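In what follows, a single structure is set out as structure tokens and then discussed.
The values are calculated or read from the model by the stated rules, or taken from the named source; none is laboratory data. Being a predicted model, the structure only gives us computed values, none of them experimental. Glycine gets a Cβ as well: all are built from the backbone with ideal geometry, and neighbour counts include every protein chain shown. Please note that ligands, DNA and RNA were not included when accessible areas were found on the heavy atoms of the full protein model with its side chains. Shrake-Rupley method; radii C 1.70, N 1.55, O 1.52, S 1.80 Å.
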Amino acid sequence: MDALPLIPWHCVLIRSRRQLFTDDWSKTSLAVVVIGASGDLAWKKTFPALFSLSCQGLLPPHAVIAGYAR
């Protein structure tokens, strides 16, 4: 089984919107770790934003979102 290549976060940030739609997401992976996942900001802003990105197809299909809270 071949590992999916990781794209550094700074490369994703500098890409244009047009490039995001033309990239082959099936060959990329993404891991998002939310620190303070039980907090107010995570529930009101971070999780809805990640959900919206997922619904619009702007996250890779094998994206992993993990939360950490104490």
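There is at least one residue in the stretch 34-53 that is open to solvent by less than 60 Å² (accessible area, probe 1.4 Å), at positive phi, modelled with pLDDT of 90 or more and not basic (Lys, Arg).
Taking every residue in the stretch 36-57 that is free of Cβ contacts under 8 Å to residues at least 60 places away in the same chain and more than 23 Å from Arg70 (Cα to Cα) and pairing it with any residue that is in a helix (DSSP H, G or I) and open to solvent by less than 100 Å² (accessible area, probe 1.4 Å), at least 6 positions away or on another chain, the pairs with Cβ-Cβ distances below 9 Å are Gly57/Trp25.
Within the stretch 54-68, restricting attention to residues that are modelled with pLDDT of 90 or more and in contact with a helix residue (DSSP H, G or I) (Cβ under 8 Å, 6 or more places away or on another chain), the residue that is least open to solvent (accessible area, probe 1.4 Å) is Gly67.
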